[in-house]
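Step one of this worksheet: look at the structure below.
The values are calculated or read from the model by the stated rules, or taken from the named source; none is laboratory data. A quick note: this is a predicted structure, and the numbers were derived from the prediction, not measured. Here the Cβ is made from the backbone with ideal geometry for all residues, glycine too, and neighbour counts use every protein chain on show. All accessible areas refer to the heavy atoms of the entire protein, side chains included, with ligands and DNA or RNA removed. Shrake-Rupley method; radii C 1.70, N 1.55, O 1.52, S 1.80 Å.
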Amino acid sequence: MATFCLIHGAWHEPSCWEELIPGLAERGHRAVTPELPLHDPAAGWDERVRPALERLDAVVDPLVVVGHSQGTAYSALVAAKRPDSLLVHLCPRLGGFEEPPGAPVAFRAGVPFPPTRPDGTSTWDPEVAIGAMYPRLPPDAARALASRLRPMAMPDRPYPLSRHPDVATALIYATEDELFEPDWERFMARELLGVEPIEIPTGHFPMVEDPEGLADLLTRLAREA
């Protein structure tokens with residue numbers, strides 16, 4: 001049995017993982033889904049990862065830290081504190097890490113990201129979010145995710161890590177990702193992380209679109225680690 005620490009990305013909260021958790025449990029694993037204060041402009045990097053580290057204090061099982069999208073900046077910080085863990089970057093942004101020379105364009109053209117407001121936060125319009133981020137999801141699931149979106153703010157302090165943590169690492173990218181270019185994901189896996197990327201045929205939210213397939217893949221990675 002492994003414990004999976006599932007780190008949500010920007011604008012989202014832990015409920016984005018709720019379709020995946022039963023599949024992990026059926027495969028004999030435990031999941032924790034800490035809520036990170038990514039909406040608070042005053043919260044620094046340490047404050048943002050503290051909820052995850054506190055949830056892992058008593059964990060002695062093999063640990064898999066999964067960060068989704070922009071949450072990969074925070075999951076890397078968690079893994080740096082738990083060097084015995086497997087770190088899985090899922091549809092990652094890999095914020096905080098400098099791109100190696102020659103990186104292709106990261107974002108899909110035309111993504112209508114919300115503008116940053118004077119207080120440092122940004123917020124999606126729910127209908128725009130449904131069209132931009134969730135077009136592959138069932139309508140009820142897309143509406144549920146959109147209804148729970150919240151503001152996002154980036155920390156105003158430098159990223160604490162000068163390099164990627166020296167832990168076992170995997171990168172999973174989605175061929176139909178609505179936000180990130182697959183070429184960029186493959187490049188970052190090979191050139192930044194030194195691993196071969198793992199391809200899945202979904203959009204940016206595989207934990208909602210194909211939770212069973214993702215549970216199988218995460219179980220395999222945990223077993224191999």
Flagged pairs (Cβ under 7 angstrom, 6 or more apart or on separate chains; first in the range 158-181, farther than 16 Å from Val208 by Cβ; second among the polar types (S, T, N, Q) and surrounded by 17 or more Cβ atoms within 10 Å (Cβ to Cβ)) are Val167/Ser85
I'd like the full set of residues that are closer than 13 Å to Pro14 by Cβ, of a type in the set (D, E, K, R) and more than 14 Å from the chain's Cα centre (by Cα), limited to the range 28-83. Arg55
Going by the conditions given, is Ile7 aliphatic (A, V, I, L, M), open to solvent by 20 Å² or more (accessible area, probe 1.4 Å) and closer than 23 Å to Asp210 by Cα? no
Any idea which of Asp57, Asp46 is of a type in the set (Asp, Glu), in a helix (DSSP H, G or I) and surrounded by fewer than 24 Cβ atoms within 10 Å (Cβ to Cβ)? Asp46
Residues that are closer than 21 Å to Pro14 by Cα, open to solvent by less than 70 Å² (accessible area, probe 1.4 Å) and modelled with pLDDT of 95 or more: which helices (runs of 4 or more DSSP H) entirely in the range 84-197 hold 1 or more of them? 126-133, 139-147
The number of residues in the range 63-78 that are touching a Cys at 6+ places or on another chain (Cβ under 9 Å), in a helix (DSSP H, G or I) and not aliphatic (A, V, I, L, M) is 3
Do any residues in the range 204-225 that are within 14 Å of Ala141 (Cβ to Cβ) have Cβ atoms under 6 Å from those of residues that are in a helix (DSSP H, G or I) and open to solvent by 20 Å² or more (accessible area, probe 1.4 Å), where the two are at least six apart or on different chains, and which pairs are they? Val208/Ala141
Residues of the range 93-128 being closer than 14 Å to Glu178 by Cβ and in contact (Cβ under 8 Å) with a residue 12 or more places away in the chain, which ones? Arg93, Ala106, Phe107, Arg108, Val111, Pro112, Trp124, Val128
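Please tell me if Leu20 is open to solvent by less than 60 Å² (accessible area, probe 1.4 Å), touching a Lys or Arg at 6+ places or on another chain (Cβ under 8 Å), modelled with pLDDT of 95 or more and among the hydrophobic types (A, V, I, L, M, F, W, C).
The answer is no for Leu20.
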Please work out which one of (1) open to solvent by less than 20 Å² (accessible area, probe 1.4 Å); (2) closer than 23 Å to Met133 by Cα is the condition Val65 fails and give its number. (2)
Considering only residues that are open to solvent by 30 Å² or more (accessible area, probe 1.4 Å) and assigned to a helix (DSSP H, G or I), which ones fall in the range 198-212? Glu209, Glu212
